[in-house]
Amino acid sequence: MKSLNNISTIYFLGIGGIGMSAIARYFHANGKQVSGYDKTPTQLTKELEAEGIEISFTEEIPQVLTNLPDKDKTLIIYTPAVSRENLLYRYVVKHQFSILKRAEILGLITKDIPTLAVAGTHGKTTTTAILAHILKQCGVKLTAFLGGISENYQTNFINDGNEAVVVEADEFDRSFLQLSPNIAAIISMDADHLDIYGNKEELENSFRAFIAKVPNQEDFFYAEALPLQGNSLGFAEDSDYQIQNISIDNGVYIFDFKTPEKTIKGIEFSLPGKHNLMNAAMALAMAIKFGVDSAKASKTLSSFKGVRRRFTYHLRNEDRVLIEDYAHHPSEIDAIYQAVREMHPNKKVLAVFQPHLYSRTQDFADEFAASLSAFDAVALLEIYPAREQPIKGVDSKMLLGKIKNEQKSLITKDLVLEKIKETSAEVILLLGAGDIGDEAKKIKIALNHES
């Protein structure tokens, strides 16, 4: 690959993806001519356009690729989510453009900068955002590529300098093996992406290959229950880094954090759920390992506001609570259940869930059913296909039949508001990694109008 310094024009296939958009922002901030394609407009593509990045939503070949003064100075970055049959993809292959996957370009950008990488089948986005927040508030001049929109900074990209880079290490398509992490963590390692890996063992082998890329095992952290070697972190007394003395005061966690060197007392953190305590502690441990002052770092946790679409409150009053979350795996739904029961005890909860991917629904149908059955009421939308074609016999009706809950229904997206209006549940959850979040704003407006 030619030096990135010689590249002047960069075109993104799938620019609206959360990971792709962060890289687009990076190159745009560094003076490159950046444009791209995506299938449909979203809030994120609108934000990119407002920042001066041109985006097309058709497969018509843009002038930026046909009227090039020097093709050798042009780079195409694509995501595997874009079909190989896409006309733009076929065009750039046919005309022999320089083409790199998102993961490859992220590896090139970060290879010469001290890199802190967070991996895991879930929890990595929030942990990465917390870590970036800690380092930024402690004065580290960092670059951060986040897998979600930080509520503190309203972006998925931080561009303060090159003292460190914080990156979400994505296991999909083995992307994280392109990185060269100096400090790393694995927050979870549940079976997922079996359409890529085939089985859980192969997925775990990929995670171990990621760990092997960390030069020193003392700079690797993992959630205590995982069968790994390094610094264990969690709630158990035999963990190397321990979360202790947890209490809740007015919806805020207060806890102590014991490291091998000291115990930091009275840390405050407002994101709900024990899983978020793990995320916060993991980020704190990595920041301390990087070298920031532990007392100062721990104080920054109280000002962390969260990540868009991660237990996001759209409405919160005595009569109604509306929460949106990206949860799309049974373990994530279990974590949401624990958090909502802890923060809103004795209230009836309706979970509106949009399954994500036919393959994931097929692989974890029984686990999804068990997780969803715990709620007082469940409404299922049809499966959001994303990059996939339908699988015969795999649909939301199949999943609904497995849920052991009398208060269950299958609805279309246009009937979500009607379902919510008729429910007696005080807490409404909108769950899924598809487009269910698009309904949150209008539901909030309607419920506010009712009250």
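Here are the numbers for this structure:
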quantity: Candidates Asn205, Asn152, Asn156, filtered to the one that is assigned to a loop (DSSP other than H, G, I, E, B) and either without any contact (Cβ under 8 Å) to a residue 40 or more places away in the chain or under 18 Å from the mean Cα position of the chain (by Cα) (or both); calculated: Asn152
quantity: Counted residues, the stretch 169-196 - those being outside any helix (DSSP H, G or I), under 16 Å from Gly19 (Cβ atoms) and either open to solvent by 30 Å² or more (accessible area, probe 1.4 Å) or modelled with pLDDT under 85 (or both); calculated: 3
quantity: Residue within the stretch 243-251 that is outside any strand (DSSP E or B), in contact with an Asp or Glu (Cβ under 9 Å, 6 or more places away or on another chain) and either open to solvent by less than 20 Å² (accessible area, probe 1.4 Å) or not β-branched (Val, Ile, Thr) (or both) present; calculated: no
quantity: All positions within the stretch 271-285 that are assigned to a helix (DSSP H, G or I), in contact with a Gly (Cβ under 8 Å, 6 or more places away or on another chain) and open to solvent by 10 Å² or more (accessible area, probe 1.4 Å); calculated: His275, Met278
quantity: Matching entry among Lys404, Lys441, Lys392 (being surrounded by fewer than 16 Cβ atoms within 10 Å (Cβ to Cβ), part of a helix (DSSP H, G or I) and not polar (S, T, N, Q)); calculated: Lys441
quantity: Asn30 being at pLDDT below 85 and surrounded by fewer than 21 Cβ atoms within 10 Å (Cβ to Cβ); calculated: no
quantity: Pick from the stretch 407-430, criterion of a type in the set (S, T, N, Q) and open to solvent by less than 30 Å² (accessible area, probe 1.4 Å), ranking: farthest from Ala440 (Cα to Cα); calculated: Ser409
quantity: Scope the stretch 83-107; condition in contact with a strand residue (DSSP E or B) (Cβ under 8 Å, 6 or more places away or on another chain), open to solvent by less than 60 Å² (accessible area, probe 1.4 Å), in a helix (DSSP H, G or I) and not aromatic (Phe, Trp, Tyr); matching residues; calculated: Leu88, Val92, Arg102, Ile105, Leu106
quantity: Sole residue being at pLDDT below 90, buried (at least 18 other Cβ atoms within 10 Å of the Cβ) and among the aliphatic types (A, V, I, L, M), chosen from Val378, Val340; calculated: Val340
quantity: Residues of the stretch 123-144 satisfying the condition of being modelled with pLDDT under 95 and surrounded by fewer than 24 Cβ atoms within 10 Å (Cβ to Cβ); calculated: none
quantity: Leading residue by the ranking (most open to solvent (accessible area, probe 1.4 Å)) among those in the stretch 286-334 that are touching a residue at least 60 places away in the same chain (Cβ under 8 Å) and at positive phi; calculated: Arg309
quantity: Residue within the stretch 349-358 that is touching a residue at least 40 places away in the same chain (Cβ under 8 Å), touching a Gly at 6+ places or on another chain (Cβ under 7 Å), in a helix (DSSP H, G or I) and among the polar types (S, T, N, Q) present; calculated: no
quantity: Subset of the stretch 35-70 [open to solvent by less than 50 Å² (accessible area, probe 1.4 Å) and under 17 Å from Gly19 (Cβ atoms)]; calculated: Gly36, Tyr37, Asp38, Leu44, Thr45, Glu47, Leu48, Ile53, Ile55
quantity: Residues within the stretch 314-348 that are in a loop (DSSP other than H, G, I, E, B), within 19 Å of the chain's Cα centre (by Cα) and not hydroxyl-bearing (Ser, Thr, Tyr), tallied; calculated: 3
quantity: Residue among Ala386, Ala370 that is within 18 Å of Glu332 (Cβ to Cβ), assigned to a helix (DSSP H, G or I), touching a residue at least 12 places away in the same chain (Cβ under 8 Å) and of a type in the set (Gly, Ala, Ser); calculated: Ala370
quantity: Tabulated pairs, the stretch 434-447, first without any contact (Cβ under 8 Å) to a residue 40 or more places away in the chain and farther than 30 Å from Ala81 by Cα, second open to solvent by less than 10 Å² (accessible area, probe 1.4 Å) and part of a helix (DSSP H, G or I), C-beta under 9 angstrom, 6+ apart or interchain; calculated: Ala446/Ile420
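Residue-by-condition table, conditions (1) in contact with a strand residue (DSSP E or B) (Cβ under 9 Å, 6 or more places away or on another chain); (2) at pLDDT 90 or above; (3) within 23 Å of His329 (Cα to Cα); (4) not small (Gly, Ala, Ser):
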residue	(1), (2), (3), (4)
Asp256	yes, yes, no, yes
Thr263	yes, yes, no, yes
Pro272	yes, no, yes, yes
Leu277	yes, yes, yes, yes
Ala283	yes, yes, yes, no
Gly291	no, yes, no, no
Ala295	yes, yes, no, no
Lys299	yes, yes, no, yes
Arg308	yes, no, yes, yes
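The values are calculated or read from the model by the stated rules, or taken from the named source; none is laboratory data. Note that the structure is a prediction, hence the values are computed from the model and not measured. Methodologically, a virtual Cβ is constructed for each residue, glycine included, from the backbone with ideal geometry; neighbour enumeration extends over all protein chains shown. Side chains are part of the model used for accessible areas, which takes the heavy atoms of the whole protein and leaves out ligands, DNA and RNA. Shrake-Rupley method; radii C 1.70, N 1.55, O 1.52, S 1.80 Å.
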